[in-house]
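Right, one structure below, let's go through it.
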Amino acid sequence: MGPAPVIGIAIVRNYVDGFLAAVPTANREAFRKHAEDAAVVFKEHGASKVVECWGDDVPEGKVTSFPMAVKRKDDETVVFSWIVWPSKTVRDEGMKKVMDDPRMQPQNNPMPFDGQRIVYGGFQVIVDA
């Protein structure tokens, strides 16, 4: 990996968590509310940015695709999301706090989708143009 981008005298080396989910299309507003509430918690615990995207041009694939990855049903929409953290260390510490935060517990902020079909992972940023 090459050198980190330099802004002024600060070296920027972000870390990103990416997510795919299948959300019942009828639950769009409930999902938006869930995501807005969760974004507050993520940002309080160190995230720089939280982005949630509602799919409107997500083609079916023959071998692989976003819909196939989340086993999307006919009445569901693919959601693509990411969280930007200042570093992996901040993410690791922040994610522990997020998972322990009472506002993220299912009884306080229930997921309006099947959480067993979420695809997620953590990624080192190698290009940020």
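Which residues, counting only those in the stretch 91-108, are over 16 Å from the mean Cα position of the chain (by Cα), surrounded by 12 or more Cβ atoms within 10 Å (Cβ to Cβ) and of a type outside the set (Lys, Arg)?
GLU93, ASP101
Just checking, which of LYS33, LYS43 is assigned to a helix (DSSP H, G or I), within 17 Å of GLU93 (Cα to Cα) and free of Cβ contacts under 8 Å to residues at least 12 places away in the same chain?
Only one candidate qualifies: LYS43.
In the stretch 82-108, what residues are in a helix (DSSP H, G or I) and touching a residue at least 40 places away in the same chain (Cβ under 8 Å)?
Across the stretch 82-108, the qualifying residues are LYS88, VAL90, ARG91, GLU93, GLY94, MET95, LYS97, VAL98, ARG103, MET104.
Being at pLDDT 95 or above and not small (Gly, Ala, Ser) narrows it down to one of VAL58, VAL12, so name that one.
VAL58
Applying the selection to the stretch 89-120, what residues are more than 22 Å from VAL79 (Cα to Cα) and charged (D, E, K, R)?
Once the filter is applied, which keeps residues that are more than 22 Å from VAL79 (Cα to Cα) and charged (D, E, K, R), the stretch 89-120 yields ASP92, GLU93, LYS96, LYS97, ASP100, ASP101.
Here is a list: ALA21, ALA39. Which entry is more than 18 Å from GLY121 (Cβ to Cβ) and within 13 Å of the chain's Cα centre (by Cα)?
Selected residue: ALA39, the only one of ALA21, ALA39 that is more than 18 Å from GLY121 (Cβ to Cβ) and within 13 Å of the chain's Cα centre (by Cα).
Quick one: is ASP56 surrounded by fewer than 12 Cβ atoms within 10 Å (Cβ to Cβ), in contact (Cβ under 8 Å) with a residue 60 or more places away in the chain and charged (D, E, K, R)?
no
Quick one: would you say MET68 is touching a Gly at 6+ places or on another chain (Cβ under 8 Å), more than 28 Å from LYS97 (Cα to Cα) and either aliphatic (A, V, I, L, M) or modelled with pLDDT under 95 (or both)?
It is true that MET68 is touching a Gly at 6+ places or on another chain (Cβ under 8 Å), more than 28 Å from LYS97 (Cα to Cα) and either aliphatic (A, V, I, L, M) or modelled with pLDDT under 95 (or both).
The values are calculated or read from the model by the stated rules, or taken from the named source; none is laboratory data. These figures come from a predicted structure and were not determined experimentally. So basically every Cβ, Gly included, is an ideal-geometry build from the backbone, and we count neighbours across all protein chains shown.
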